[in-house]
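What follows draws every value from the coordinates through simple rules; no lab data is involved. These numbers come from a predicted model, not from an experiment. Cβ coordinates were reconstructed from backbone atoms using ideal geometry, including for glycine residues, and neighbour counts include every protein chain displayed.
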Amino acid sequence: MEFSQWLNSKNSPSHWFFIKRLSANDTGETGGHQVGIYIPEELVRQILKPIDKTDEENPCLSLPARIESHNMPEQIVRTIYYNSKKYKKQKNGRNERRITRWNSDISGSPLQDGDNTGAIAVFSFELDSQSGNAVGIKVWICHDAEEEEVLESLIGEVLPGDLIDERADRLLTGFIPAKQVAKSKLVLPDEWYKSFPSGKEIILFMAAHYRFNTNDPDKLLIQRRREEYKLFLEVEKLHVLDHVKAGFESVDDFISLANSVSNRRKSRSGKSLEIHLEDIFTQKGLSEFGTQCKTEGNKKPDFLFPSCSAYHDDSYSSEKLRMLAVKTTCKDRWRQILNEANKIPVKHLFTLQEGVSVNQFNEMKEENVVLVVPEDIKTKYPESIRANILTLGQFIDDTKSSLA
């Protein structure tokens, strides 16, 4: 209720939201806490114009800020554009924008607490009514999955690595800006011009017709998800752009179309990660698995290896059984998998979350949960725990060996 009220208090044209899941680098778990919170270029162009320039080195602007979710005192933070690549023309220079000094005026900032790795953070910039520039920042870091669901029910799933920024009243009324990506190179099937394909149809078509430049399962998953999103936007354009160009006879017609687009975007990622994994498993020779099998108490783990029937066969060696749960984020959700397959003591959990705290990792380890992440994301975890995390390729090889 408190978070809902906080969101409602910002629901106006005078607030601009920047939303992301905190990475291990953001919270200092990888030793990079001094660089601050990364902010996208478009946000700076919209509401931090005083630092959007390359005629001086590293322009910066100090702003009052307060982390209201944790009742922290007001502090002064710095928004800065590290621009040596453009100002000094350095080939390997920096070209990034960040909010720094979260621990300068206060100690123990929640933004520098490793246990908040993976949590959704909402940065609400207060805007000057004349210039439109930011004059202050209020922050809410979601405490638990319930608070995250409050936000995601309004704006859709916030995936690891997503950087969402838009005027608060637009976001909170269902307007979800699409990420800017290159156009898909694929020629769309004729039937897609008549009706919007399902997520699975888009994924399987993309997998069958796009030529990827890698066979590595970890890199392949990341590339597939990127190309799937491009393809989705192309299909969306087919079914929406003409309506927009034609205009609307009433506000209700506009709202109806906007809600339709937003709802489709919210549900797009739903099962997509599991569908990608199914296809990659099969491609890599791990073709024996069951999905959504019922186990004890009608639980439904995402993947059981080698099959649902093998899990329920008392004569089948439990040592050969494997379970893989799939969650885009795991901070407050990893405990949900502990009782999904009682016959399998070690639970594998695939996630796209960009790091966990060492404390949380140790909790997972005590409960026999083994993390599986794409290789590129593994480097975003604290170095001390990386050796105990499997890549997708390692999981596939280990599981194939256990079934041999």
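So if I place +1 on the C-beta of Lys and Arg and -1 on the C-beta of Asp and Glu, and nothing else carries charge, what would the dipole magnitude of the chain be about its Cα centre? I want it in debye, nearest 20.
Details: 55 positive and 61 negative charges, 267 e Å.
Taking the Cα centre of the chain as origin, the dipole is about 1280 debye.
Multiply the residue gap between E367 and Y316 by 0.36 nm, knock off their C-alpha separation, and tell me the result in nm, one decimal place.
Values: separation 51, 0.36 × 51 = 18.36 nm, distance 2.40 nm.
Going from the current span to full extension adds 16.0 nm.
Along the Cα→Cβ direction, 7 angstrom out, place labels at E41 and E296. What is the inter-label distance in nm?
Between E41 and E296, the label points sit 5.3 nm apart.
Rounded, prolate or oblate: which one fits region 301-363, using the alpha carbon gyration tensor with axes a ≥ b ≥ c (rounded when a/c is under 1.5, else prolate when a/b beats b/c, else oblate)?
Working: a/c = 2.92, a/b = 2.24, b/c = 1.31.
Prolate, since a/c reaches 1.5 and a/b exceeds b/c.
In a shell of Cβ-Cβ distance under 14 Å around R94, excluding R94 itself, what net charge do Lys and Arg (+1) and Asp and Glu (-1) give? Don't skip to the end; give the middle numbers.
Numbers: positive: K85, K86, K88, K89, K91, R97, R98; negative: E41, E57, E96.
Summing Lys/Arg as +1 and Asp/Glu as -1 gives +4.
Evaluate E = 1/(1 + (r/R0)^6) for S250 and Q5, where r is the Cβ-Cβ distance and R0 equals 25 Å; express this FRET efficiency to the nearest 0.05. The partial results should precede the final answer.
On the way: r = 32 Å, r/R0 = 1.28.
The value I calculate is 0.20.
In whole Hz, with x marking every Gly and Pro, tabulate ³J(HN,Hα) for region 339-350 from phi via Karplus 6.51 cos²θ - 1.76 cosθ + 1.60, θ = phi - 60°.
10, 7, 8, 5, 6, 10, x, 9, 9, 9, 10, 8
Normalising by the residue count of region 27-99, find the relative contact order in percent from Cα pairs under 8 Å and 6+ residues apart.
On the way: 113 pairs, mean separation 22.2, N = 73.
Answer for region 27-99 is 30 percent.
In whole angstrom, and with the biggest value first, how far do the Cα coordinates of region 285-403 range along each principal axis?
41, 30, 21
Using a/c under 1.5 as the rounded threshold, could you call region 1-79 rounded, prolate or oblate? The axes a ≥ b ≥ c are square roots of the C-alpha gyration tensor eigenvalues, and prolate needs a/b larger than b/c, oblate otherwise.
Working: a/c = 1.88, a/b = 1.24, b/c = 1.51.
Oblate.
Below 8 Å, C-alpha to C-alpha, sequence gap of six or more: please give me the relative contact order for region 285-403 in percent. Write out the running numbers ahead of the final one.
Details: 193 pairs, mean separation 24.9, N = 119.
After rounding, I find 21 percent.
Can you give me the relative contact order of the chain as a percent, contacts being Cα pairs under 8 Å and 6 or more apart? Kindly include the intermediate steps, with their values, before the conclusion.
Working: 691 pairs, mean separation 66.5, N = 404.
Taking the mean separation of contacting Cα pairs over the length of the chain, I get 16 percent.
Between A145 and K237, what length comes free when the chain is fully extended (0.36 nm per residue of separation minus the Cα-Cα distance, one decimal in nm)?
Details: separation 92, 0.36 × 92 = 33.12 nm, distance 3.29 nm.
Additional length available on full extension: 29.8 nm.
For S357, enumerate residues with amide H under 5 Å from its amide H, sequence gap 5+ or separate chain, H modeled in the peptide plane.
Counting only residues 5 or more places away or on other chains, the set is T117.
With n ≥ 4 as the cut-off for DSSP H runs, can you work out [θ] at 222 nm for the chain, using -39500 (n - 2.57) per run divided by the number of residues, rounded to the nearest 500?
Rounded to the nearest 500, it is -10000 deg cm²/dmol.
Can you tell me the length gained on complete extension of the stretch D105 to D128, counting 0.36 nm per residue apart and subtracting the Cα distance? All intermediate terms of the calculation are to be shown ahead of the outcome.
Values: separation 23, 0.36 × 23 = 8.28 nm, distance 2.41 nm.
5.9 nm is the gain from fully extending D105 to D128.
Please state the charge dipole magnitude for region 236-384, taken about the Cα centre, from unit charges on C-beta atoms (+1 on K and R, -1 on D and E), reported in debye and rounded to the nearest 20. The partial results should precede the final answer.
On the way: 22 positive and 23 negative charges, 17 e Å.
Computed charge dipole of region 236-384: roughly 80 debye.
Which entry in [x] 21.8; [y] 19.7; [z] 23.1 is this structure's computed mean projected area of the Cα convex hull in nm²?
It is the one labelled [z].
What's the whole-number percent of alpha carbon pairs in region 193-265 lying beyond 20 angstrom?
Cα-Cα pairs of region 193-265 separated by over 20 Å account for 42 percent.
Which pairs break 25 Å Cα to Cα here: K86/K183; K245/K271; K219/K347; K294/K400; K138/K237; K300/K378? Working shown, then result.
Working: K86/K183 27 Å; K245/K271 32 Å; K219/K347 23 Å; K294/K400 23 Å; K138/K237 35 Å; K300/K378 27 Å.
Checking Cα-Cα distances, K86/K183; K245/K271; K138/K237; K300/K378 exceed 25 Å.
Residue-wise, which Karplus ³J(HN,Hα) couplings in Hz belong to region 70-75, taking 6.51 cos²θ - 1.76 cosθ + 1.60, θ = phi - 60°, and x for glycine or proline?
Rounded to whole hertz, the list is 10, 6, 7, x, 5, 9.
Specify the angular offset, from 0 to 90 degrees and rounded to the nearest 10, of the alpha carbon long axis of helix 251-268 from the longest principal axis of the alpha carbons in the chain.
With both axes taken from Cα atoms, the answer is about 50 degrees.
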